[in-house]
There are 4 protein chains.
Amino acid sequence: MWDLYGRFFLTRKTSAILLISCPDRSGLVAAITHFLSEHDGNILDLDQHVDMEENVFFARIEWDLDRFVIPRDQIRERFGVLAQRFRMTWELHFSDQRTRMAVLVSRAAHCLYEILAHHEAGDWPVEIPLVISNHAHLESVVKKHGIDYHHLPVTKGTRKEQESKIAELLDREGIELVALARYMQILTPEFVSRFPNRLVNIHHSFLPSFTGPRPYHRAYSRGVKNIGATAHYVTAELDGGPIIEQDVIRVSHRDSVEEFIRKGKGLEKSVLSRAIWFHLQRKVIVYGNKTMVFE
Amino acid sequence: MWDLYGRFFLTRKTSAILLISCPDRSGLVAAITHFLSEHDGNILDLDQHVDMEENVFFARIEWDLDRFVIPRDQIRERFGVLAQRFRMTWELHFSDQRTRMAVLVSRAAHCLYEILAHHEAGDWPVEIPLVISNHAHLESVVKKHGIDYHHLPVTKGTRKEQESKIAELLDREGIELVALARYMQILTPEFVSRFPNRLVNIHHSFLPSFTGPRPYHRAYSRGVKNIGATAHYVTAELDGGPIIEQDVIRVSHRDSVEEFIRKGKGLEKSVLSRAIWFHLQRKVIVYGNKTMVFE
Amino acid sequence: MWDLYGRFFLTRKTSAILLISCPDRSGLVAAITHFLSEHDGNILDLDQHVDMEENVFFARIEWDLDRFVIPRDQIRERFGVLAQRFRMTWELHFSDQRTRMAVLVSRAAHCLYEILAHHEAGDWPVEIPLVISNHAHLESVVKKHGIDYHHLPVTKGTRKEQESKIAELLDREGIELVALARYMQILTPEFVSRFPNRLVNIHHSFLPSFTGPRPYHRAYSRGVKNIGATAHYVTAELDGGPIIEQDVIRVSHRDSVEEFIRKGKGLEKSVLSRAIWFHLQRKVIVYGNKTMVFE
Amino acid sequence: MWDLYGRFFLTRKTSAILLISCPDRSGLVAAITHFLSEHDGNILDLDQHVDMEENVFFARIEWDLDRFVIPRDQIRERFGVLAQRFRMTWELHFSDQRTRMAVLVSRAAHCLYEILAHHEAGDWPVEIPLVISNHAHLESVVKKHGIDYHHLPVTKGTRKEQESKIAELLDREGIELVALARYMQILTPEFVSRFPNRLVNIHHSFLPSFTGPRPYHRAYSRGVKNIGATAHYVTAELDGGPIIEQDVIRVSHRDSVEEFIRKGKGLEKSVLSRAIWFHLQRKVIVYGNKTMVFE
């Protein structure tokens, strides 16, 4: 899957991936696996989970398309019959599809650099046609990578207008995933509702601690012994969306708030990268305000 | 599953657990899940893995016995037919069975205390009829818990004889799992071969670093920045058996070797506890020199 | 410092420990170290920190008493002169003093077991004359260790009365440190103010997340990917006191709330143990609502 | 210290840093701190450590140059008198000096990207005049950043010659620190001995496990449950030099060796970054085959 240069290797076998959630009932797994096996689909990975309280079934199933007798463009229709019977909410993906991703960024550049490095190294099955910022200063950094840079300044009075320009750009470019790489603007509920489970934000705290502004300063004042970072899908509630990934790093009384910020940057980019990776690998199912991450 | 006192609650529904490994082939999961669903077995948890290099299939399946139409004492026979067809290596367990466990200990008591605390708190579905030691001094500690203590001293010349006494005790008490809670004797291959995948040892290093004696002293000399602990099944090769669980903790130049030992103790008991828990929950399949731990 | 059985070894050299905080100014360290060196006190460990924002100096200094020419019982008076000159807040301790500690516990026993194990193993320079609980059921566990057990039930109406009994017991026994080992009662500000920086509580969340009751349930609802535990000195503000130690452990969508609780227990006892150890080793200085922990 | 863009802020106060090691004796700290205080040097940070076994004293002292009465260019000489008296090995640095750093790289680019991102963001007090590689393919990546790229291919027969070209470049450019960012060539002892404690390598294992080639493959074969990365100064012994920083990340049976490599990359770049940061901040003293890292 990786070439000698450590780059993602696209000639690997193509597989199909189903993400499923539905009311749990007996015989579900049997029905799904029977559907695949009767059409010669060799299961590469099957991960399922039942939420006992809600009685909901979740699964991620990946199978080899090599000998699968249903042609790729008919899978959706054929599986749809089964899906309807079990009242499934479902998505179908193929491992050879590259996700079209945009990046939103403000002043802090570390998460953007991280994403550009993964992009340039070919680590991720992703295309990045554009970066959007409310500031101008990262334009040259982005353009060096052959990526369009859109400078869309914003003030309180122009938020809706700016957001509609962003939405237009995302639509026009067929963007499926937006990484908010320390984009320090609060998006309106209207904007957020247009891109459900497609906006991944990195918040620089261990949520639900320190939602909102200046989390490192508040963590410093509270005297915590670890600081954290959390990647989550954006919802209307500020820093309240479904958590995809989070992690912490140790701090001590020796660390100033500037050192919190410095250490935190390393953590933020690593947590955001992992969350994006899970999303790109189609390992995430959102249900209510939670995620299943089939690591 | 836990009562108000935080103790393991045994009146929960009984489930059956299958641990399976066999050559991978198309239709395997479909066949297994069909077997369960046609007998009204509601799958509670299904975790499977395919080793692509070796082409081996592994699975852990847990299902509700409540409405399962095959009587409990006939499951083994009925599933055996399917198992044979797919050339499975398999185990069947029931969630209401308590595992009979023995503890082997030398001088250091911290892992023993940890196990006794879990036992007394009722955290684990386990019975501990006996503790065996090559030293006498922990006898009163163990007897306070109403557990037999067998003091079996050992010297180079008496190893085989001592081990055969141990084996006899284990057999007589129907012991299914032995926790080597810092038992500082090297067991002979003969002894080890009698209890395959049933001896869980805690080694006080991050294996494969520092196999053998005095790992903390050697870690200190090497100037590592983390020390580790590893729980593994014992095989004929010293500290070379399949790893079940391992973890590390940070150290610095400020830490003396005594401090390595002190910090390490906390780590050892936590890693050993997790490994025993995985074993008791039937979450571990051993294949070759590796484990699948279906966390 | 540890004998062959891994127990704390008391015949090691005796040292003196100073914990100091005062307004920062030039020449402070020089004055302190000159005082020690002119009386032949060999510094074993010196750890200092300056809070640049508040302009406050903190230090922990440990020196060998072996050749120190000031007799042990005159150090306090002699150093007092220097301390006054620099307007220091300070404490003097000796490494051969055992701290008298009490444990408060409710129903959950895991933290109590952990403390009793350290006590019985001789790991800690501590004496535990008594355990106090609002429930009766752990009495036999505690008495097995030769420790007094005081069952002091409490209701809303009897809180003040019960607390005054606790305070009386603590005073009578000369208790210097109280471990709240999952003592599930909220102490009144009056009680708390009698024992400043002497009550160490373990809260089962990564503070400041999930203060108050049922943190695991709320963490589960929020869909976090790590759960935490925090040890802190108790103040009048619920779960708001100075944090001594905190840590997290990974969870996933597979973990039920019962599994959060089970995993959390292992974390709680390890975090509480570390905090108690730091306190006993005189490594903690409290300033405002923060701690310096000179690890 | 950081501007609004999160970049390292160079107009902060200048401080001087002393790194000291010498035989331990009474009065050492008093003498050093007296020297500073009598010349109005306000100590910003003092971190000391005594190796009790070897009886060696180590310290890192940072003080404000603002009111320090000894002119900057005379400190070396004046402190030298004291240093000689105590037979110190010592280094003097100033916080406003930028370190000149080179990067050696082979095929894998992730650590190089990480370093270039820190460089471009202005996070580190560093100048990077050149990158050297035994391959040509990263030339355009490096040149985009305005950094010279030297392609120096190497074969068994040309190693000495290639290394002498590298050494010449490093000397000519006044390089003080070389980051081996997954440079997959083994350097000769002759080369290594020219740059003691100035070559920082990242090895993709938790040393001392898996020294030498293909550590991820061997970790995979061994069935470890965590993989690691270690940054160390290069010595004549392969992967045997003084460890500066190391860390681990969890893996499971689900992770293929490709996934080990992918996860490991994130770890490698973070561990290497931390080690470089410690070095640049003059927080590292090497003694024998160990480091003191005054975090």
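Brief remarks on what is shown
Yes or no, residue by residue, for (1) within 15 Å of the chain's Cα centre (by Cα); (2) under 24 Å from D:Met292 (Cα atoms); (3) aliphatic (A, V, I, L, M):
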| position | (1), (2), (3) |
| --- | --- |
| D:Met88 | no, yes, yes |
| D:Gln162 | no, no, no |
| D:Ala179 | yes, yes, yes |
| D:Gln185 | no, no, no |
| D:Val192 | yes, yes, yes |
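- Here B:Glu163 clears all of (1) loosely packed, with under 15 Cβ neighbours inside 10 Å; (2) over 16 Å from B:Arg107 (Cα atoms) except the condition numbered (1).
- Scanning the stretch B:192-210 for residues that are over 18 Å from B:Ala108 (Cβ atoms), more than 8 Å from chain D (Cβ to nearest Cβ) and in a loop (DSSP other than H, G, I, E, B) turns up B:Phe195, B:Pro196, B:Asn197, B:Arg198.
- Identity of the residue in the stretch B:126-147, part of a helix (DSSP H, G or I) and charged (D, E, K, R), that ends up nearest to C:Tyr113 (Cα to Cα): B:Lys143
- So C:Ala108, is it within 14 Å of chain B (Cβ to nearest Cβ) and either surrounded by fewer than 21 Cβ atoms within 10 Å (Cβ to Cβ) or at positive phi (or both): no
- Within the stretch B:190-214, considering residues that are over 23 Å from B:Glu127 (Cβ atoms) and out of contact with any Asp or Glu (no Cβ under 9 Å at 6 or more places or on another chain), the one surrounded by the most Cβ atoms within 10 Å (Cβ to Cβ): B:Ser209
- When A:Gly157 is tested against the conditions (1) farther than 30 Å from C:Val284 by Cα; (2) modelled with pLDDT of 95 or more; (3) over 18 Å from the mean Cα position of the chain (by Cα); (4) not aliphatic (A, V, I, L, M), the lone failure is (2).
- Under the condition of being more than 14 Å from the chain's Cα centre (by Cα) and either among the charged types (D, E, K, R) or within 14 Å of D:Gly240 (Cβ to Cβ) (or both), the residues counted in the stretch D:194-205 number 2.
- The C-beta contact set for the stretch D:162-173 (first residue modelled with pLDDT of 95 or more, second residue basic (Lys, Arg), distance under 8 angstrom, 6+ apart or interchain) comprises D:Ala167/D:Arg194; D:Glu173/D:Arg100.
- Residue match in the stretch D:168-191 (condition: in a loop (DSSP other than H, G, I, E, B) and aromatic (Phe, Trp, Tyr)): yes
- Scanning the stretch C:59-82 for residues that are crowded, with 18+ Cβ neighbours inside 10 Å and of a type outside the set (Val, Ile, Thr) returns C:Ala59, C:Arg60, C:Glu62, C:Trp63, C:Asp64, C:Leu65, C:Phe68, C:Phe79.
- Among the residues of the stretch C:252-284, just one is surrounded by 21 or more Cβ atoms within 10 Å (Cβ to Cβ), touching a Phe, Trp or Tyr at 6+ places or on another chain (Cβ under 7 Å) and within 14 Å of chain A (Cβ to nearest Cβ), namely C:Val284.
- Any hit, the stretch B:219-232, residues being surrounded by fewer than 24 Cβ atoms within 10 Å (Cβ to Cβ) and more than 11 Å from chain D (Cβ to nearest Cβ): no
The values are calculated or read from the model by the stated rules, or taken from the named source; none is laboratory data. Please read these numbers as outputs of a predicted model, since none were measured by experiment. Positions of Cβ are backbone-derived with ideal geometry, glycine not excepted, and every protein chain shown enters the neighbour counts.
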